[in-house]
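What follows is calculated from the coordinates using simple rules that are stated; it is not laboratory data. Computed from a predicted model, the values in this text were never measured in an experiment. We place every Cβ from the backbone using ideal geometry, glycine too, and count neighbours over all the protein chains shown.
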Amino acid sequence: MDRFVKRTRPSQSETANTTPALAAGWTNTNKRLETPPIKKRRIEQVKQNDVTEDDGSSTALTNDEDEDSFLSAPSRDSPLVRDGKTGSADVKDGDATDNAPAAHHHTALEDSLPEVKVDGNILEEYEKLKSSQVDDGKISAETRLQTRKWVRGQSSIYVDAFNLALDTVLQDEAHLFDEKENCVFENWRALSYEAQYLYVRLFLRKTASWHRLERLKRYPDISDIEQAIESLLESQELPKGESVKKSDEESVEEPEHVFADTFAFADDSASHIKTVEQAAQLLSLDELKTLAKDAKVQGKNKPDLIKAFCRMCSQQSSLMSVGLRRSSTNASMNSVDSALEEANTDRQDSNRKAHFLEKILAITGPLVRLSEPVFKLFERVHLVFYRSTEWTEKSLTTIILAKISRRNFPEYVVCRSSNIFPARRHLLEFERSMRLQFEVDTILELNGLPGAEGNRKVVEIFEGIAPRWRELLTGAQKSEDTEYEFGEGGYLRRFSAGHAYTRIVHKAAEALGRLHRYQDEYDLLNELLSQQLFHFSRRGAWYKRKALVEERYMWELEQPPATALSEAQKNLRKKCWRQVALSTCETALQDPNCHLIHHYDLQKRLIRLEKQLNIPRRQQHNFDHARLRDPEEHTVDGIQLVREDKGRDIKSTKTIWLDELGDSDEEGNPMHVSVEEMCLSFYRTQGWKGYHSEGGILRTLFAYLFCDILFLFVPNVFQTAYQTCPLDLHTDAFYPARASEINHRLVEISNGGAGELIRRVNEPHRERRTCIVGLNWDYEVEDLLELVSCFEGEALAAICKVIAQDYKARGGGVPDLILWRTAKEPSGDRKEQSENNKGEVMFVEVKSANDRLSDTQRLWIHVLSAAGVRVVLCNAVAKGVKTID
């Protein structure tokens, strides 16, 4: 992969070999499928199914997954915390990856690529395309992809993706791996294609599991499964001795799984399964029941059956198991008899265990699993390649399918730098920090609220890393001051242990508060706020919590425990700490890294504190310009349709309504639509234009207005030539790295320049339908120009700033409908128009019965109201109910 290349429009020759069937699987943005809007009344809703921007941001705003998806606990076995238990991935359903895919958390690299529909059909088309081409000699995965050369049976999309990751990492970042690890890579390249294919397929499965040989024979790419397995099981020599200099590994321990003098890519059951308990785990429930019946043991479920079976195998077969001995009048004879009997019993016990172990392995047949050290090594390779711990089968294939698609991408400078991890020790420390973070997340999130014991464990973990965290803060600040020139530090710091440790410190502060250790929590909040390097998006929450602790608790903690204070002394101390809390709120509102969404709560607390302190009104802050206007409430009547299922009336989760005000179907009957479309028809009769788009139209406007800033050169954020956005867009590093350019653009928008910015992007890109994150080319440019002309410039700038500060978390919660009408149109139910005759914009959140606002929806209502935009809560009321089949 070229390290510095200028991305230009692909030539026709580059896409000539791509079949239309392949191109048919793609969408127009980098998210999920979206229905295009149509100008006529029968608008197919432009509701993007990606309203949560693949982050699940409909949950609470403080949810950590909304901010750091690449740090959240994975749904598959954690790439850094592998389940050490013996288990079988093939008990009943074969390939767990194919049959039961877990929820997919995108990597930053995958988020930046155009969305691809990875399914059996598209992969089959890919194989057909490549199998029709000839490959002259041996070439690398990268070359094969660039030249579109292919020979069926000599490579696959999975093997190519795996090797592409390995080749790219070793090209630029080979210094992260020691001599033994590089020897493993050499042996990997020497494996046959079929052995590599089998390894990659197992690599994508439940990696801690044993796999039955008979169930690995279904892969059509492998003609000789026994030979492929034998290649993986073959023992390979490694260089002897230590291959890492101790000076290079100072203060960082080596990985848990290290290489000896030999290694193999896989383990076999004959050499590694030695106990009945290990073997019993490999049986299905039906197989275990049959075996238990023969052994005359019982159990209600699989764990009970395994325990009973192992207990039976461990029982002694003679009275010696309860301490009884045969009596004898001759002491010496008694001693000899006892020794012989004990030896005989041990033999019987050993024979019994061996018998059942052999019987279980006869049921399962030969098994194989990936060797732990090699698996961990390749896992580290993928961590370096994807800059993330959360990659899946889809991640492996997405980049390749993006390369062969018929797409146009923006022009930008590709720069894959080798300084993400300057040295091996930085990578190992980052891995360790991720394990600790995963451990903290498990404690806090596994079984709901952690309780006092769980909170104490989190605090203990923090105390263990606190000295190192402070060292990392000092080192990161030094690098920021002396090394970084183009704003790249914000993104690079996400791959340091300091970033993960800061999140642990944040969790520890919360745990200290739940343990009522407010002084320790307060000190920790001060430390978090004193650093300006990690987790910018949390600064607002830290300020709010700090002000609350100052207002409520600190006055009590200041006095000695045995000291009794008079009421006057208490009031004086409370007043002093309220003044400190007021100062905290003022500092937060002036902090450029305190996100706009936190300002409303800070302003409310500041006003309340000023009143409590009896500050003269002329000296109080005035936030009338940002005072929230309560959303209006409208009611729309309609006929709701209820489905009847098997004789029982069951309401569907998405309600269906008759669209009496809209177009009719072919038979002249009102159409069946969603509640949002029904309300949209009502507002159209009031003279409004609009879409049911939720966040889709705002993301489209943001892409138009900030297109050049999105693709501004920042080192390390464009690592392939097929990206629709920079890698840091979905992180809190995006805004600080481009603060100057973004703020200048916000001023331009405030001054009414949005229309010109849209035209400037639309002219060169609409015909090519360039892949730009969030931009839906199906919106007609005339509608967008009319919409921005109805916006107040300051209001549109405020909305764009909120999105820029936290693009990922602000993907969900936007009101369902966006409506506008120009000043020339009749005002209907609202007589007044804006002073400058611009027109009017209105956001509408539609709610049916028993539907409540989520936290993200409330936040967006606050943002829009504070910006002076009209917001409506529209209640859909069923004036009648009809039952349909």
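Over what distance in Å are the Cα centres of region 580-643 and region 836-885 separated? First find each Cα centre; the distance between them is then 20 Å. Whole angstrom only: what separates the Cα centroid of region 163-187 from the Cα centroid of region 738-756? Region 163-187 and region 738-756 have Cα centres separated by 45 Å.
Kindly provide the Kirkwood hydrodynamic radius of region 424-626 in Å, to one decimal, from all pairs of distinct alpha carbon atoms. All intermediate terms of the calculation are to be shown ahead of the outcome.
Working: mean 1/r = 0.0530 Å⁻¹.
Radius from the Kirkwood sum: 18.9 Å.
Across region 358-369, coupling constants 3J(HN,Hα) worked out from phi with the 6.51/-1.76/1.60 Karplus curve, θ = phi - 60°, read 5, 5, 5, 5, 5, 6, 6, x, x, 10, 9, 9 Hz, and Gly and Pro carry x. Of the GluC sites (Glu not before Pro) in region 445-521, the ones in a loop by DSSP (not H, G, I, E or B) with at most 15 other beta carbons within 10 Å are 483, 485. Potential lengthening of the chain between residue 258 and residue 363 amounts to 34.5 nm, from the contour at 0.36 nm per residue minus the alpha-carbon distance.
Over every Cα atom in region 691-817, the radius of gyration and the widest Cα-Cα span, Dmax, amount to 13.9, 39 Å.
My understanding is that a pair violates if its Cα-Cα distance is over 29 Å; which of 611/808; 604/808; 801/838; 217/293; 217/289; 654/689 do that in this structure? It would help to have the intermediate numbers written out before the result.
Details: 611/808 37 Å; 604/808 26 Å; 801/838 22 Å; 217/293 31 Å; 217/289 27 Å; 654/689 24 Å.
Over 29 Å apart, Cα to Cα: 611/808; 217/293.
Between residue 667 and residue 456, full extension at 0.36 nm per residue minus the direct alpha carbon distance yields a gain of 69.2 nm. Between the alpha-carbon centers of region 504-524 and region 406-477, tell me the distance in whole angstrom. Each part reduced to its Cα centre gives a spacing of 19 Å.
Placing unit charges on the Cβ atoms only, positive for Lys and Arg and negative for Asp and Glu, gives region 424-626 a dipole magnitude near 580 debye about its Cα centre. Neighbours of residue 586 by Cβ distance under 12 Å: Lys/Arg scored +1, Asp/Glu scored -1, total -1.
Under a Cβ-Cβ cut-off of 13 Å, what is the net charge of the residues other than residue 548 that fall near it, where Lys and Arg count +1 and Asp and Glu count -1? Mind showing how you got there, number by number?
Values: positive: 544, 545, 546, 552, 578, 604, 605, 608; negative: 510, 521, 550, 551, 601.
Once positives and negatives cancel, what remains is +3.
Give the shape of region 505-613 as rounded, prolate or oblate, defined through the alpha-carbon gyration tensor: a ≥ b ≥ c are the square roots of its eigenvalues, a/c under 1.5 means rounded, and otherwise the shape is prolate if a/b is larger than b/c and oblate if not. Taking the square roots of the gyration eigenvalues as a ≥ b ≥ c, region 505-613 is oblate.
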